[in-house]
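One structure is given below, encoded as structure tokens.
Since every read-out is calculated from the coordinates, none of them should be taken as a lab result. Just so it is clear, the structure is predicted and the values come from calculations on it, not from any experiment. When we count neighbours, we look across all protein chains shown, and the Cβ atoms used for this are built from the backbone with ideal geometry, even at glycine.
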Ligand SMILES: Nc1nc2c(c(=O)[nH]1)N[C@H]1C(S)=C(S)[C@@H](COP(=O)(O)OP(=O)(O)OC[C@H]3O[C@@H](n4cnc5c(=O)[nH]c(N)nc54)[C@H](O)[C@@H]3O)O[C@H]1N2
Ligand SMILES: Nc1nc2c(c(=O)[nH]1)N[C@H]1C(S)=C(S)[C@@H](COP(=O)(O)OP(=O)(O)OC[C@H]3O[C@@H](n4cnc5c(=O)[nH]c(N)nc54)[C@H](O)[C@@H]3O)O[C@H]1N2
Ligand code: SF4
Ligand SMILES: [Mo]
């Protein structure tokens, strides 16, 4: 295997594509760029003799995680040599996380693709050399367009799919919807959200009506109850969270933090209280906390409502008379109490979560009496079969303490004042495109009776393709996603993608690229022009812009321009649409035109000033809840009192217009939930305890968290990132399986031993190897292996078996099971067996 990879990486692609063979010499563009690059390096030798040669600073956005920090990129004589946080960017504030600086390694990664290529070996597999040969961009676009035109002629355009992951903004992922509509496929695009963090979004959709992650007013909060969010290593925006952590922990009063996790991560180590929970049981804990808040009369009466007689009638085990409770901004509390919560005592929760009841009482009282307080969560509680219900129970705590839209509480992110595009896709639809609308389901079946509440189900696509149900894919184009490695049970994807024509746009030789028929390498983020409205942050709108720091190092293109170029070649009116759209820069100029009427706080009012400052933003947030009433900003203060209808329309778009403890969203799908989750139909709306379903058939829980140097699946080929991968246990240049010493010793495993982890996947035993590292801080029943490892492609450092053994890929032990409601893949729900190898 290693030999084949070396061959792949070093001989064929590099030598050919860099122009060392005759074939490459034909691709003039590639060679030209490369020659330019070499010349620049030569010049820099000359310039080095004059210290302080020309340095240019360009504004960009880091692409290594969804935080989207604004960066200043320092380029001297055509070479990027430094990246710092942009002091003018409100997320970065001049700072970066440890990964931000490593952008130069991604730009100058020696394993990058040097230009477009096509596959000449028809056989696909881990051990097959794709035998790529360089082609021109025109040839690449023509090959793809010809396929797409042929599909359209045959009435099979739905068999083309776009897959994407970390794409942002109107200039790349934003192009998908119109492409699908004009071309005639429901599969533009299948996003990776169901393999990421969709659970917390759906929990919010089901309770407060917003299908979104929250924005948070951390600066003003006094208590954080953190359910399984890696606040100091992953949760977004990571860099900013570290900054605001400093503020929260030094202000007066100091923000108290209680962390609920299954292992001693940096966040838990830095918190005031640690609750070491059994995986998949956060819902039980949150319900018990709610139970204490109600029985002890600690809820926020102005937000939630109160008993008519002003007395507290919530008593453990006793129902209340529904009419006796007068709800205010909430819906269904009496039914929730009577149907679920009255029995959910801390003593009950102790049995399920293993957290002592007395700690649950303490935390519940602390949380409810230290205001403002918020309960936050991410993949910990949600990447399980019961994830949406767990998440709803956590989010309900925010309603109980009156934190929705309150100072020191939670909001929803506003969008930027973008201008419209110069053309509207609706004007370019032909009869065929109209006919295709709604004709076929998506290949992932999201939004159908199979997954009615899921927005996307990428992890299902391989299975569906193999079964030909709902149909077989013909052609697929990938953009910053690599499910053949990152999906649960990725080997199924290796099977599935063998007979699909694959177009990969990765600049790097990842696993998808090894299966690709056409390589259309994208610019890295330091080489491209791209917009990005902020990921949910403090609520007020913000949109950053990335500008190229250097000319493209190789013969690459912007993904948005690839879509436009393909669109222009489709035999339909859509070709005209894309000709009118022009290119990415033209689109962004139209977007920026919207700033003229709404200049940013930093003066940004057009494309040029956006480019210069790198970010447009406009404070403050427009809405605020204060002691029973919602207010809207009038330009000077939160002075406009909102009606119930306005609150429903703008802030809590549920059926009731209130925060729902009894979810109408779930009740609308009662039949499905009852069938899939075994819950009585008349109970599905209640926030409730649902047993997790663990996969793998082992005896030890298995989690694969993100570490600070970890950039999803993308940092594995950065040796500098690998060098500090596990700050707590000292994983250097490798990655250890973190294991409680007691658990290890019971199995005769010493610190440093090689171990075998096994799990049942699709009825078969699958195993990976890893090196054990004692970690007494973790739960003894839980094994921890960060997911970055076990690549079989992606570059020389990602695959090399260095000094220490690199572990296998955690995904190989992860069954493809999803939360039926959110569709989120249950990455944290496997149970595995462990033995000395
Ligand atoms: N450094 C870094 N930051 C990132 C990323 C990255 O790759 N690197 N990726 C970004 C992406 S794509 C995402 S989706 C987010 C994810 O952000 P998070 O969800 O915050 O990160 P994770 O590490 O997936 O999971 C958080 C924690 O859940 C814990 N956990 C597992 N099971 C349970 C459980 O049952 N209950 C509880 N309470 N905890 C549990 C894990 O031990 C882990 O500490 O991070 C983003 N930020
Ligand atoms: N076992 C296990 N698996 C997991 C998780 C887990 O906890 N455990 N976590 C999951 C989570 S939260 C997420 S978000 C997913 C992420 O999984 P994916 O969506 O697959 O994303 P990545 O692995 O980060 O990157 C995918 C590809 O993008 C390519 N790429 C990098 N930069 C660029 C670029 O600038 N342009 C283009 N076009 N391509 C680029 C890379 O080469 C890589 O092949 O993984 C999930 N997978
Ligand atoms: S938190 Fe780090 S990796 Fe994420 S965008 Fe910011 S600097 Fe980049
Ligand atoms: Mo993610």
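So the values come out like this:
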{"item": "Inter-probe distance in nm under a simple model that places probes 7 Å from Cα toward Cβ, at residue 732 and residue 750", "result": "2.1 nm"}
{"item": "Projected area, mean over directions - the range 262-331, Cα convex hull, nm²", "result": "6.5 nm²"}
{"item": "Mean Cβ neighbour count within 10 Å, used as a protection proxy, ranking 511-523, 818-830 highest first", "result": "818-830, 511-523"}
{"item": "Cβ crowding within 10 Å averaged over residues, with 119-126, 555-562, 499-506, 601-608 ranked highest first", "result": "555-562, 499-506, 601-608, 119-126"}
{"item": "Spherically averaged projected area in nm², based on the convex hull that wraps the Cα atoms of the range 572-622", "result": "4.7 nm²"}
{"item": "Relative counts (whole %) of C-alpha pair distances in the range 552-705, using bins that are 10 Å wide", "result": "8, 16, 16, 21, 28, 10, 0"}
{"item": "CD proxy at 222 nm, helix term only [per DSSP H run n ≥ 4: -39500 (n - 2.57); per residue of the chain; nearest 500]", "result": "-8000 deg cm²/dmol"}
{"item": "Helix axis angle, 238-250 relative to the chain longest principal axis, alpha carbon, degrees", "result": "40 degrees"}
{"item": "Highest average packing first - 686-693, 307-314, Cβ atoms within 10 Å", "result": "686-693, 307-314"}
{"item": "Hypothetical label at residue 222: residues of the range 618-661 whose amide nitrogen lies under 15 Å (7 Å Cα-Cβ projection)", "result": "627"}
{"item": "Projected label distance in nm at residue 466 and residue 351, using a 7 Å step from Cα toward the beta-carbon", "result": "4.0 nm"}
{"item": "Relative contact order computed over the chain (Cα-Cα under 8 Å; 6+ residues apart), in percent", "result": "17 percent"}
{"item": "For the chain, diffusion coefficient by Stokes-Einstein and Kirkwood Rh (Cα), 4 °C, 1.567 mPa s, µm²/s", "result": "47 µm²/s"}
{"item": "Projected area, mean over directions - the range 740-837, Cα convex hull, nm²", "result": "7.5 nm²"}
